[in-house]
């Protein structure tokens, strides 16, 4: 499987015949073939009539169906899930943006959005596109809180000259810390450890 | 709740036909046994168990609303 360099939308798939190439596309794009658009790029037949044959196609999700996997999953999901929730789905440039509302949205936001992020995790396994979920400006509020915390710790490091190590954070949270702190001259950051959750070290550097 | 786990599991795996969920009712706790094909085990557990944890979080929230405990057990189908 080769990523197409011209666009990040379409990818190339190979197979011994068209059916196999489409099957590979189905697996990689997580869509059934009626939801995939494709074009045949090459159909190489080896000289002298040898049986060996390879076909390359370029395939991408059909426009109108990009949000369908998420929508149909969520509709069924919410019919089984005892919480009363509604959702609104929006397509932004490269990802699917999902806003939850409803009487039980408070449960989504408990424990720093634990449930909201759990649903997001599952949706991202299902959707061919990146899914970002939100509810009651959860993202904006969380970002503001992280910014304030980063600024406070950064100030402390600047004053004392001693490094600070923050608690474990996910990549999205760490990104915000890195961005905020690196705007301040004389400070630098690095992520410590490996895995999904890492700590961020904030330390002073000579300017 | 069985339907919910089945829907999630079937959406995640490569062999949805091999997904099987059974529900065992206790006094306060319901045990949900999720069986998947061995090659799909990783899909429902996820890297560092993140997917399994997400499913458990979803069940936890459902349990909070229904005032019941749901335990998820993931089993390899032999």
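FYI, it's all coordinate maths here, none of it is from the lab. Keep in mind the model is a prediction, meaning the values are calculated, not measured. Because the Cβ atoms are built from the backbone with ideal geometry, glycine has one as well, and the counts that use them run over all protein chains shown.
So what's the angle, to the nearest 10 degrees on a 0 to 90 scale, between helix B:2-12 and the longest Cα principal axis of chain B?
30
So how tilted is helix A:105-126 from the main axis of chain A? Cα-based, degrees 0 to 90, rounded to 10.
Tilt relative to chain A: about 30 degrees.
With a ≥ b ≥ c the root eigenvalues of the C-alpha gyration tensor of the range B:29-78, is it rounded (a/c under 1.5), prolate (a/b larger than b/c) or oblate?
Oblate is the answer for the range B:29-78, as a/c is 1.5 or above yet b/c matches or exceeds a/b.
Counting only other chains, what is the mean number of Cβ atoms within 10 angstrom of the Cβ of each residue in peptide B:49-55?
Rounded to a whole number, the mean comes out at 4.
How big is the gap, in Å, between the Cα center of the range A:156-197 and the Cα center of the range B:33-50?
So the two Cα centres are separated by 33 Å.
Once you keep just the Cα pairs under 8 angstrom separated by 6 or more residues, what percentage relative contact order results for chain A?
12
Find the relative contact order for the range A:68-136 and round it to a whole percent, using C-alpha pairs within less than 8 Å whose residues are 6+ positions apart.
With pairs under 8 Å counted, the relative contact order is 34 percent.
Given the DSSP H assignment, sum -39500 (n - 2.57) over each helix run of at least 4 residues in chain A and divide by its residue total; what's the result at 222 nm in deg cm²/dmol, nearest 500?
Helices in chain A give a 222 nm mean residue ellipticity of -13000 deg cm²/dmol.
Counting other beta carbons within 10 Å of each Cβ, put A:72, A:191 in order, fewest first.
With the fewest neighbours first, A:72, A:191 line up as A:72, A:191.
Remind me, relative contact order of chain B in percent, using alpha carbon pairs under 8 angstrom and six or more residues apart?
So the answer I get is 32 percent.
Helix A:68-80 sits at what angle to the longest principal axis of chain A, using alpha carbons and giving 0 to 90 degrees rounded to 10?
70
By its C-alpha gyration tensor, with a ≥ b ≥ c as the square roots of the eigenvalues, how is the protein assembly as shown shaped: rounded for a/c under 1.5, else prolate for a/b larger than b/c, else oblate?
It comes out oblate by the Cα gyration axes.
Of B:56, A:33, how do they rank once you tally other Cβ atoms within 10 Å and put the fewest first?
Ordered by Cβ neighbours within 10 Å, fewest first: A:33, B:56.
Calculated from DSSP H runs of 4 or more alone, at -39500 (n - 2.57) each and per residue, what is the 222 nm mean residue ellipticity of chain B, nearest 500?
-13000 deg cm²/dmol
Which of rounded, prolate, oblate describes the range A:65-112, given a ≥ b ≥ c as roots of the alpha-carbon gyration tensor eigenvalues and a/c under 1.5 marking rounded, otherwise prolate only if a/b is larger than b/c?
oblate
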